[in-house]
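Student: Following this message is one structure expressed as structure tokens.
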Amino acid sequence: MRGTLYIVAAPSGAGKSSIVNAVLARDPDIRLSISFTSRQPRPGERHAEHYHFVSAQEFEAMVEAGDFFEHARVHGDWKGSARQSVEPFLSAGKDVLLEIDWQGARQVRAKVPDAVSVFILPPSRQALESRMRSRGQDSEEVIRQRLAAAREEMSHYGEFDYVIVNEIFDTAVDEMCAIFQVSRLRLEPQVARHSRLITALLAD
């Protein structure tokens, strides 16, 4: 049985990474795809753990080689999910989570129509700005650019299967876990998982 591909997207500062990390700690059956990026590491970020950090030239060479499952230019830097970080797990029946932006999500949905997608919204624009500033990692210019882009990013929420408002963190994590659980209870994966039981139950 092929694994399920989950897509999680959000505007910068909505708390996407924190929610994803909490869900992964709770649900050992999901593998996180480590994205490639051409931006510089932020304080505390480590290569091959948070991202695969490569130069813009290296990234563009990978694009030319067709190495990416999806890729996009985000805030002036390249970001993408390499096929080798996704396909082997799915083929082995493992669920994979892509933590990407809406542009990448659109590319993935075109290739994998049955992917399950989730968009995370902040409780307000004021909360979004406050979270961006609380990081203490970005310059004032970068913060202004991200705030300007956030409204456009949030306008794509309607392209996703589920929407979570990250007002209370623990509630948002619970809701994300519930989405994964409901997805696993769909007809097709349940039939594949319990084929022997179903055959026995319906035998003459």
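Student: Report whether or not VAL96 is assigned to a strand (DSSP E or B) and among the β-branched types (Val, Ile, Thr).
Tutor: Spelling it out, VAL96 is indeed assigned to a strand (DSSP E or B) and among the β-branched types (Val, Ile, Thr).
Student: Go through the range 77-102 and give me each residue that's touching a Lys or Arg at 6+ places or on another chain (Cβ under 8 Å) and more than 21 Å from ALA48 (Cα to Cα).
Tutor: SER91, GLY93
Student: Hey, another quick one. Would you check which residues across the range 106-126 are among the aliphatic types (A, V, I, L, M) and either at pLDDT below 90 or farther than 19 Å from ASN21 by Cα (or both) and list them?
Tutor: VAL108, ALA110, VAL112, ALA115 - these are the residues of the range 106-126 that are among the aliphatic types (A, V, I, L, M) and either at pLDDT below 90 or farther than 19 Å from ASN21 by Cα (or both).
Student: Could you list, in sequence order, all residues of the range 1-51 that are touching a residue at least 24 places away in the same chain (Cβ under 8 Å), farther than 14 Å from LYS94 by Cβ and of a type in the set (A, V, I, L, M)?
Tutor: Within the range 1-51, ILE7, VAL8, ALA9, ALA10, ALA14, ILE19, VAL20, ALA22, VAL23, ILE34 qualify.
Student: If the Cβ limit is 6 Å and pairs must be 6+ apart or interchain, which residue in the range 92-117 that is closer than 14 Å to TYR162 by Cβ pairs with which residue that is of a type in the set (A, V, I, L, M) and part of a loop (DSSP other than H, G, I, E, B)?
Tutor: Close Cβ pairs (under 6 Å, with a partner that is of a type in the set (A, V, I, L, M) and part of a loop (DSSP other than H, G, I, E, B)) amount to ARG109/ALA115.
Student: Out of the residues in the range 150-204 that are among the basic types (Lys, Arg) and in contact with a Lys or Arg (Cβ under 9 Å, 6 or more places away or on another chain), which is farthest from GLN126 (Cα to Cα)?
Tutor: ARG193
Student: Another question about this same structure. Got a number for residues in the range 52-72 being out of contact with any Phe, Trp or Tyr (no Cβ under 7 Å at 6 or more places or on another chain) and either among the hydroxyl-bearing types (Ser, Thr, Tyr) or in contact (Cβ under 8 Å) with a residue 24 or more places away in the chain (or both)?
Tutor: Selection size over the range 52-72: 5.
Student: Right, another one. Looking at SER81, SER91, SER17, which one is polar (S, T, N, Q) and buried (at least 21 other Cβ atoms within 10 Å of the Cβ)?
Tutor: Every option except SER81 fails the conditions.
Student: If a residue has to be more than 20 Å from VAL74 (Cβ to Cβ) and either in contact with a helix residue (DSSP H, G or I) (Cβ under 7 Å, 6 or more places away or on another chain) or part of a loop (DSSP other than H, G, I, E, B) (or both) to count, how many in the range 15-29 make the cut?
Tutor: Qualifying residue count for the region: 6.
Student: Taking the stated definitions as given, is GLN145 at pLDDT 85 or above and among the polar types (S, T, N, Q)?
Tutor: For GLN145, the condition - at pLDDT 85 or above and among the polar types (S, T, N, Q) - is not met.
Student: Of GLU129, GLU99, GLU64, which residue is modelled with pLDDT of 85 or more, touching a helix residue (DSSP H, G or I) at 6+ places or on another chain (Cβ under 8 Å) and not hydrophobic (A, V, I, L, M, F, W, C)?
Tutor: GLU99
Student: Tell me whether the range 70-91 contains one or more residues that are assigned to a helix (DSSP H, G or I), closer than 16 Å to ALA115 by Cβ and modelled with pLDDT of 95 or more.
Tutor: Looking through the range 70-91, none of the residues is assigned to a helix (DSSP H, G or I), closer than 16 Å to ALA115 by Cβ and modelled with pLDDT of 95 or more.
Student: Among the residues of the range 30-53, is there at least one that is over 22 Å from ILE179 (Cβ atoms), among the acidic types (Asp, Glu), part of a loop (DSSP other than H, G, I, E, B) and more than 12 Å from the chain's Cα centre (by Cα)?
Tutor: So far as the range 30-53 goes, yes, one or more of its residues are over 22 Å from ILE179 (Cβ atoms), among the acidic types (Asp, Glu), part of a loop (DSSP other than H, G, I, E, B) and more than 12 Å from the chain's Cα centre (by Cα).
Student: Picking from ALA65, ALA56, which residue would you name as being farther than 19 Å from LEU24 by Cα, touching a Ser or Thr at 6+ places or on another chain (Cβ under 7 Å), surrounded by fewer than 18 Cβ atoms within 10 Å (Cβ to Cβ) and outside the structural domain of ASN21 (by TED's automatic domain parsing)?
Tutor: None of the others qualify; the one that does is ALA56.
The values are calculated or read from the model by the stated rules, or taken from the named source; none is laboratory data. Everything quoted here is computed from the prediction, not taken from an experiment. All Cβ positions, glycine included, derive from the backbone under ideal geometry; neighbour counts span all protein chains shown.
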